[in-house]
Amino acid sequence: MTKTELSDLYRGYIACLNRQDWPKLGQFVDDGAVHNGRRLGVSGYVEMLERDFDDIPDLYFNVVTLVADPPYVACRLGFDCAPKGKFLGLDVNGRRLSFAENVIYEFRGGKIVEVWSVIDKAAIEAQLRGES
């Protein structure tokens, strides 16, 4: 798979997430997919995303930076949303937040097999303290 093909595939995956089109997620995520060291498979991946959208009703994945070097994609995702209650153990309670997630994906056979994800919790904590 070329860099362009992998980038296009990844953008299709992000569009699938933003549509919450869970029946099509298996087109992008492998049955044995691992997320931050936990084997989730497609069903566990869907459960994780359903929880995310339940906790953050206005969740939208915005690709800020994307680098494809097959079989890997590195992406900085930007979020501007209002989690309902607690988020990452922090009392957010509907407050609008802007933060980033840095993610690396490994693809095999055209599907995500492993994900390493880190959310910028320090940026969220600073906003909750009233810092810009």
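Below 8 Å, C-alpha to C-alpha, sequence gap of six or more: please give me the relative contact order for the chain in percent. Display every interim value, and only then the final one.
Numbers: 228 pairs, mean separation 29.2, N = 132.
It comes to 22 percent, rounded to a whole number.
Answer rounded, prolate or oblate for segment 1-68, using the Cα gyration tensor with square roots of eigenvalues a ≥ b ≥ c: rounded when a/c is under 1.5, else prolate when a/b is larger than b/c, else oblate. Mind showing how you got there, number by number?
Numbers: a/c = 1.78, a/b = 1.24, b/c = 1.44.
Verdict is oblate for segment 1-68.
How much of the accessible area of the chain, probe 1.4 Å, is carbon plus sulfur, in whole percent? Please list the in-between numbers first.
Values: 3430 of 7080 Å².
Its accessible area is 48 percent carbon and sulfur atoms.
Anything over 25 Å Cα to Cα? Flag those among K24/K84; K3/K121; K3/K24, in the order listed. Don't jump to the answer; show the numbers that get you there.
Numbers: K24/K84 27 Å; K3/K121 30 Å; K3/K24 23 Å.
Listed pairs above 25 Å: K24/K84; K3/K121.
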### Amide H partners (placed H, <5 Å) of H35, local residues excluded
L40, V115
### Query
Where both residues lie in the chain, what percent of DSSP beta bridges are antiparallel, nearest 5?
90 percent
### Total formal charge among the other residues, if their Cβ is under 11 angstrom from that of G32, Lys/Arg +1 and Asp/Glu -1
0
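Per residue, what accessible area does segment 83-132 have, given a 1.4 Å probe and all protein chains present, in Å²? It would help to have the intermediate numbers written out before the result.
Values: 2750 Å² over 50 residues.
With all protein chains present, segment 83-132 gives 55 Å² per residue.
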### Task
Might you report the magnitude of the Cβ-based charge dipole of the chain about its Cα centre, with Lys and Arg at +1 and Asp and Glu at -1, to the nearest 20 debye?
60 debye
### Task
Find out how many positive minus negative residues lie around P71, taking Lys and Arg as positive, Asp and Glu as negative, among other residues whose Cβ is under 14 Å from that of P71.
-2
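The values are calculated or read from the model by the stated rules, or taken from the named source; none is laboratory data. Since we're looking at a predicted model, the values are computed, not measured. Here Cβ is always computed from backbone atoms with ideal geometry, including for glycine, and neighbour counts include all displayed protein chains. In case anyone asks, the SASA skips ligands and DNA or RNA and just uses the protein heavy atoms, side chains included. Shrake-Rupley method; radii C 1.70, N 1.55, O 1.52, S 1.80 Å.
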